[in-house]
Amino acid sequence: MIELIRAHQLNLMLVLCGACFILVFLLLITRFLSKSRKLVLIGMELIAFFLLWFDRLAYVYAGDLSHKAYIMVRVSNFMVFFLTSGIVFTFNLYLKELIINREKNKPLPKRLMLIALLSLLGMILAVISAFTGLYYYFDESNTYHRGSGFLIAYIIPVVCPIMQYTVIRQYRKVFSKLIYISLNLYIFVPIACGILQIFTYGISIVNMSMVAVSVALYIFTYLDINNTVEHAHEIEIKNMLGEQERMHILFSQTAEAFVSAIEKRDDFEKGKAKKIAEYSKKLAIHAGKSDEECEKAYYAGLLHDVGLIGLPDSVINKETEYDDEDLKIYKNKPIIGGEILSCITEYPYLYRGAHYAYERWDGKGYPEGLKGDEIPEVARLIAVAAAYVNMTTNSRNKEARQKFEAREFFVKEAGEIFDPYYADLMVKLLDSEYGEGESEEEKLEKEIECREYRVNVSKGIPIDNSVIKVGFDCDMPLEAGYGFSAPSIVLFDSYDGRTHYNEKAIQSYKYNEYGEIWFDKYSITTGARKIEEKKIEDKDKKERKKGKPHFEIIAGRYEDHLRLTMIGKDYAKEVVVALPNNSASAFIGLTGENCRLTNISVELTGESIALGDIPRIVDTVNYIDHLEADLPNVQIDRPRSAYTEGVEVKNRLKIEFNTMSLPGACLVWHCPYIVVYSSDDGSIGGPNYREYTMIKVNGENDIHDEYATNKFIMKKKPEFPGWEEWKRINKEGVECQVTFEKKGSQFILKTENQGIYIENITNFKEMPEKVYVALSGDQVALTDIRVS
C-alpha cells in the first residue's frame, strides 16, 4: 500500500487539492452555516489546499538545479511546515466556534488558549528552521533531507491534537453524533499517519491525511446540518399535525355541542345525529372512500339536521302525524340548515349534506327536486343513513321499526327514494351486523323475578339442531301464604326473540306463541300443531332435593319438531312439540309465578339432532307434493337451507320452474335464489367449492369478488306491480325462467320476475373447468323444474 501511494502520491495530492478548492467554492455559496463558522471552515480548507499544493511542488522541484527550482523547493518546504501548525491553529478556532455555538454563556477551556499559543510557536519554529536547518536541509543537488531537529516538527501536530481531544471528550454530550465522529477523525487520522511518517521517507502521508480529514470535516458538517434541518422539519410537521388534531378536536366538540343543544328541543331526537353520523361513516367505509372522505361523511351526517333549530315548537312537539300545513313548514328544515352551514366556507360538504339530504333519487324530494346523480353524493349517502336511524328509533309520533323492516324498506325503495348503490350498501351492512355481539339489553338475563304469572319473561333462547342445556335455580315461594309457586317456560317465535302482548307488537314482530309448559304434568297448546309429553325417571332426584331447587331443560330440533327434556324439583318429563312448519323459528322464554329464577345458564352439549331422534307426532307440512320434471322439487324453509341439484352450464342453459312463497313468508327476500359456483363433484359445498355470485329474484345480490368480478344490473319495468302485490303473486305461485350463457371467461345470467329484470355478468379471474348453477331461496317451494 505504501509503495502504491508513493507511486501515485502526486496525482493523489492534485485530486485532494481540487477537492479542497471545490469545498471552498461550496462554502462561499452555502447559506446553512453561520458566518463565523463558514469563515473558519473556509480558512481550514484553504490552508489544507496550500499545504498539499506546496508539498506537491516540493516533490516536483526536488533534484532540479534551476534557479526557479532552488527557490520553489525552499519556499514549498517552509510553507509545508508552517501550514502544518497553521492547520492545527484553524482547527482550534473551529473547535472554539462549535463550543461557543452550543455553550454560549460558559467560559472556554484554557487548554484551547494554550493550544493556540503552541500552534503559533510551531509557526515561529518553522520560520527559524528555514534559516537554521533545524527541521531539514538541502544538498548540492537541491534535494530535501531531514535535519537533526526533524522530530521537533511533529511535537506540536501530535501534542496539540491530543489536547484538543481532551476538550472534545469534555464536550462530547453537546456535539451531535456526526460532528463528534468528524472531530475524532480529524484528531486521530493525522496522528496515526504522523507516527507512520516517522518510519517512511519520501512520502507525505500526514499532509494528505490532514487534507482528507478536512474534506471529511465539511462532509460531516453538511450531513449534520442536514439532519438538524430534517429534525426541525419533523418537529414542525409534528407541531402542525398536533395543531390540526387540536383544531379537529375543537371542531368535533363544537359540532357535537351544537347538535346536542338543538336536540334538547325534542327529547326523541337525543343521540340521533351521532348515530346518523356513525352510519354515514360506515357507508363511506364500505364504499371504499378515503379516510378524509369518511370523516366528511361523518360530520355532514352529524350536522345535516341543524335546520331543526328553525322549526316552531308546534311542529317539533306534535304528537300526531303531520298535516299538509305541518309538512310545508317541516320542508323548510333543509333550507334553514343549508343557510346556517353555508357560512362554513372551508367545509362546503356540510352545506351540501344539510341542503340536499331530503332529495329523492326519483326526483320527488325537496327542496329542489333534484334527481339521480344531480344530488350531491354526500347527501345521497346521508339520506340512507338518516332513514335507517329514523326508522329504527322512536319518535314523538311513531314507534321504532325493526331492523328487518328497515332492510326490506331499503330493498323496496332502492332506485325510488334512495340511490340504489347506497341502499344496497346499507342492506349489506345490516346483513354484516346481524349476529355481531349482543348489547347488554339483548343478553340473556341471569336472574328473573316473577311475582304474578308471566310478569317477566326472559329473552328467548333459540332452539335448533345443536342440543342445548338450560339450567337455573329457583327460589319459591317469594311470598309466604301465596298459593301457587312454580317456574315455567313459554315456547314462541318472534323476530326479536321476545314475548309480546299488544296487537301492534304482535304484528310488527310476527309473534307466534306455541304453548306454555310447566315442570310438572301440565302444559297449554296455542300456536303449535301438537304437544305431547311423557313422564321420565329423574335419576338425580335425591341429589337435587338436597340444595336449592335446580331446574334443567335439554332441548333440540329437527325440521318442524322440538324435543325438550324438562327436569324439575319433583318431576321430569320429555316433551315433543310439532311446530306450524319447518320455516318457523322456536325460542324458550323462562318465566313463572311467585318465584325467582337465579343463576340462569345456557350451554351447548356438543350433540346434534338427526333424522329419527325425535318421534314425529304429526305429518310433515309439504308444499312440493307435485309432479317432478327434470330436477326434484325442493322446499327451502330457511335461508339457503336446501338446494336443487347442480346443473353444469356448457354454453347456453335455460331453467324454468314454478315458485311459491310459503305461508309464513312475509318479506321481499322470501323468494328463489340463483347460485353460480364450481366444485369438483358439482355439488354445493363440495370439494374445492367456489361461489361466484348469488342472485335473489327480488333484485338483491350477494356478489363474491374473491374468484370473479360481477357486473349486476336490476331494473323495474313499467309492468312492475309494486312490492305488496309482488309478494302476493309469489304466494299464489308464479312461473319463473332463468337463462345462462358462457362466453369465454364471461358468464351471463338473465331473469325477470313480475317486472323485476335482472342481468349479471360474471368475469372469472381463473376460468373453472366446469361452471354449475343451483336454485335455492328462503321460505319458498320450487316445483316442476325444467332444464333445457
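Taking the range 651-666, which residues are within 38 Å of the chain's Cα centre (by Cα) and buried (at least 18 other Cβ atoms within 10 Å of the Cβ)?
A665
Among the residues of the range 439-457, are any under 30 Å from G363 (Cβ atoms), touching a strand residue (DSSP E or B) at 6+ places or on another chain (Cβ under 9 Å), open to solvent by 40 Å² or more (accessible area, probe 1.4 Å) and at pLDDT below 90?
no
In the range 188-236, how many are more than 22 Å from F21 (Cα to Cα), of a type in the set (A, V, I, L, M) and at pLDDT below 80?
Going through the range 188-236 one residue at a time, the tally reaches 8.
On the basis of being within 30 Å of Q746 (Cα to Cα), in contact with a strand residue (DSSP E or B) (Cβ under 7 Å, 6 or more places away or on another chain) and assigned to a loop (DSSP other than H, G, I, E, B), does H626 make the cut?
Here the answer is no, as H626 does not meet what is asked.
I'm told V15 meets every condition in (1) surrounded by 15 or more Cβ atoms within 10 Å (Cβ to Cβ); (2) not in a loop (DSSP other than H, G, I, E, B) except one. Can you identify the failing condition by its number?
Unmet for V15, out of (1) surrounded by 15 or more Cβ atoms within 10 Å (Cβ to Cβ); (2) not in a loop (DSSP other than H, G, I, E, B): (1).
Identify, please: which residue in the range 100-121 is charged (D, E, K, R) and not in a loop (DSSP other than H, G, I, E, B) and is, among those, nearest to R172 (Cα to Cα)?
R102
Which pairs do you get when a residue that is farther than 17 Å from R352 by Cβ, found in the range 269-298, comes within reach of a residue that is outside any helix (DSSP H, G or I) and open to solvent by 70 Å² or more (accessible area, probe 1.4 Å), reach meaning Cβ atoms under 8 angstrom, with the pair 6+ apart or on two chains?
If the second residue must be outside any helix (DSSP H, G or I) and open to solvent by 70 Å² or more (accessible area, probe 1.4 Å), the pairs left are K270/K264.
Could you check, for the range 491-498, whether at least one of its residues is farther than 17 Å from Q402 by Cα, touching a Cys at 6+ places or on another chain (Cβ under 9 Å) and surrounded by 15 or more Cβ atoms within 10 Å (Cβ to Cβ)?
no
Scan the range 418-425 and give yes if some residue there is at pLDDT below 90 and under 28 Å from the mean Cα position of the chain (by Cα), otherwise no.
For the range 418-425, residues at pLDDT below 90 and under 28 Å from the mean Cα position of the chain (by Cα): absent.
With a cut-off of at least 2 residues that are more than 30 Å from V780 (Cβ to Cβ) and open to solvent by 10 Å² or more (accessible area, probe 1.4 Å), name the strands (runs of 3 or more DSSP E) lying wholly within the range 534-604.
Ranges flagged: 550-558, 561-567.
Picking from R56, R37, which residue would you name as being crowded, with 21+ Cβ neighbours inside 10 Å, in contact with a helix residue (DSSP H, G or I) (Cβ under 7 Å, 6 or more places away or on another chain), not in a loop (DSSP other than H, G, I, E, B) and not aromatic (F, W, Y)?
Answer to the selection: R56.
Quick one: would you say A406 is within 30 Å of W669 (Cβ to Cβ), at pLDDT 95 or above and in a helix (DSSP H, G or I)?
no
Out of K696, K765, K742, which single residue is under 33 Å from the mean Cα position of the chain (by Cα), among the basic types (K, R) and open to solvent by less than 50 Å² (accessible area, probe 1.4 Å)?
Step by step, each of K696, K765, K742 is checked, and only K696 is under 33 Å from the mean Cα position of the chain (by Cα), among the basic types (K, R) and open to solvent by less than 50 Å² (accessible area, probe 1.4 Å).
Considering (1) at pLDDT 85 or above; (2) loosely packed, with under 15 Cβ neighbours inside 10 Å; (3) assigned to a helix (DSSP H, G or I); (4) not small (G, A, S), say which one H145 fails and leave the rest.
Status for H145: all satisfied but (3).
Pull up the range 18-31, narrow it to residues that are farther than 15 Å from L217 by Cβ and touching a residue at least 12 places away in the same chain (Cβ under 8 Å), then point me to the one that is least open to solvent (accessible area, probe 1.4 Å).
Across the range 18-31, the extreme among qualifying residues is L28.
Report whether or not S608 is crowded, with 19+ Cβ neighbours inside 10 Å and in contact (Cβ under 8 Å) with a residue 24 or more places away in the chain.
no
How many residues does the range 122-137 contain that are open to solvent by 40 Å² or more (accessible area, probe 1.4 Å), out of contact with any Leu (no Cβ under 8 Å at 6 or more places or on another chain) and touching a residue at least 12 places away in the same chain (Cβ under 8 Å)?
Qualifying residue count for the region: 2.
Please give the helices (runs of 4 or more DSSP H) falling wholly within the range 294-394 in which 2 or more residues are of a type in the set (F, W, Y).
Result: 348-356.
Find the residue count for the range 59-116, including only residues that are more than 60 Å from the chain's Cα centre (by Cα), loosely packed, with under 14 Cβ neighbours inside 10 Å and free of Cβ contacts under 8 Å to residues at least 24 places away in the same chain.
Going through the range 59-116 one residue at a time, the tally reaches 6.
Considering every residue within the range 408-427, establish whether at least one is within 30 Å of D560 (Cα to Cα), open to solvent by 50 Å² or more (accessible area, probe 1.4 Å) and touching a residue at least 40 places away in the same chain (Cβ under 8 Å).
no
Does S182 satisfy the condition of being under 60 Å from the mean Cα position of the chain (by Cα) and open to solvent by less than 50 Å² (accessible area, probe 1.4 Å)?
Yes, satisfied.
Would you say F258 is modelled with pLDDT under 90 and surrounded by fewer than 16 Cβ atoms within 10 Å (Cβ to Cβ)?
Criteria not met by F258.
If you go through the range 675-686 one residue at a time, do you hit one that is farther than 20 Å from D419 by Cα, of a type in the set (V, I, T), open to solvent by less than 10 Å² (accessible area, probe 1.4 Å) and assigned to a strand (DSSP E or B)?
Checking the range 675-686: at least one residue is farther than 20 Å from D419 by Cα, of a type in the set (V, I, T), open to solvent by less than 10 Å² (accessible area, probe 1.4 Å) and assigned to a strand (DSSP E or B).
With R401, R454 as the choices, which residue is assigned to a loop (DSSP other than H, G, I, E, B), basic (K, R) and touching a helix residue (DSSP H, G or I) at 6+ places or on another chain (Cβ under 7 Å)?
Checking each option against the conditions leaves just R401.
Select, from F712, F740, the only residue that is modelled with pLDDT of 95 or more and either within 20 Å of Q635 (Cβ to Cβ) or among the hydrophobic types (A, V, I, L, M, F, W, C) (or both).
It is F740.
For the range 699-739, give me each residue that is open to solvent by 50 Å² or more (accessible area, probe 1.4 Å) and among the basic types (K, R).
The answer is K711, K715, K716, K717, R728, K731.
Can you run down the residue pairs with Cβ atoms below 7 Å, 6 or more apart or on separate chains, where the first is in the range 303-326 and under 21 Å from K264 (Cβ atoms) and open to solvent by 50 Å² or more (accessible area, probe 1.4 Å) and the partner is part of a loop (DSSP other than H, G, I, E, B) and polar (S, T, N, Q)?
Between residues of the range 303-326 that are under 21 Å from K264 (Cβ atoms) and open to solvent by 50 Å² or more (accessible area, probe 1.4 Å) and residues that are part of a loop (DSSP other than H, G, I, E, B) and polar (S, T, N, Q), the close pairs are E319/N397.
The values are calculated or read from the model by the stated rules, or taken from the named source; none is laboratory data. All figures in this text were calculated on a predicted structure; none of them were measured in a lab. Virtual Cβ from ideal backbone geometry, glycine too; neighbours counted across all protein chains shown. When the accessible area is computed, the model is the full protein with side chains, heavy atoms only, and any ligands, DNA or RNA have been set aside. Shrake-Rupley method; radii C 1.70, N 1.55, O 1.52, S 1.80 Å.
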